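Visitor: Take a look at this one; I'll ask things after.
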Amino acid sequence: MFLKQALDALQDAAQHPLAIGMYILLVAGWFLISWRVKRHRSLLRHLKKLPEKDRLKALELEMGPLPKRGINAEQWLRARAQTFNLARLAILCLTLVIVLTLAVYYYLNAGPGVLTVSGSIFLDGAPLPEAKITLAGVDGEWHSVRSGAFTLQPPDLFISDSIAIIVSYTTPFEKLRLDTTIAKSGLQGLRLHLASTKTCTVAGYVLEERTGNAVVGGRIVLDGNQGGGVADENGFFRFEAKGKPNQQVDATISHPQYLTKYPGLLLDDSNRIVLKRKK
């Protein structure tokens, strides 16, 4: 946590106009001073090759008037080169001090960022409104809308690269809860699924529409993987399904001789599924 905040603060400081100005000054000063030092060193190497009467003039043209006493010309030339090196080091140190000062300022004054978490919540395959969403380590709660969708923007606490999401919902029969951990890079477009654990009995007969005869061997499968069963020799079926009593769900009847889609099957024990023969 500390390391990430420190690096973020350093990055912000590096983008400050003052820091950018110091970078430019550092580069320009570095090249200028390096050029001057190179000239001084070249003059120092070639000074003895010049006629003695021209040496003083060459030094004054390069460096200005020489001191009247105390050091000789070569010592003065070396001192000037060292002065330029110190100036170059001073510019570098000043740049580092400014950047680090700005980084400390950003670190101490940085507020939390903002995450965006969005997606949809489903119960047994159907959109779920009014589901409660909470985030581990974050105060507050949010709720899905009628379509099951939700969007929330909690503060980014820089705690890790992932966040724990808790979805909870209470049906008339049970309390449901989903705990999941999602990486921060994948917090948009989530699809979170709750599943009922309570079951109820679904039973009834599968009959042919025209004759009223039993349809033998029809396999009934409820949409959303809520359950299913097979009609016996009397067309009777019975199985346990996830959901609440008298809830309507769509079903698929698998039989080669009949139309197989059946909307609005009741989760109770008095169903009469009437099928049309295929033409």
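Please treat every number below as a calculation from the coordinates, not as lab data. Note that the structure is a prediction, hence the values are computed from the model and not measured. Reconstructed Cβ throughout: ideal geometry from the backbone, glycine too, with neighbour counts over all protein chains shown.
Visitor: Filter Lys175/Lys242; Lys198/Lys276; Lys175/Lys261; Lys132/Lys261 down to the pairs with a C-alpha to C-alpha distance above 22 Å, please. Write down the numbers at each step before the final one.
Guide: Numbers: Lys175/Lys242 14 Å; Lys198/Lys276 33 Å; Lys175/Lys261 32 Å; Lys132/Lys261 34 Å.
Exceeds cut-off: Lys198/Lys276; Lys175/Lys261; Lys132/Lys261.
Visitor: Next question, about the same structure. Output the Kirkwood hydrodynamic radius of the stretch 114-194, Cα pairs only, in Å rounded to one decimal.
Guide: Working: mean 1/r = 0.0783 Å⁻¹.
It works out to 12.8 Å.
Visitor: So if we plug the beta-carbon distance of Phe239 and Lys276 into 1/(1 + (r/R0)^6) with R0 = 22 Å, what FRET efficiency do we get, rounded to 0.05? Display every interim value, and only then the final one.
Guide: Numbers: r = 23 Å, r/R0 = 1.06.
Efficiency, from the Cβ-Cβ distance: 0.40.
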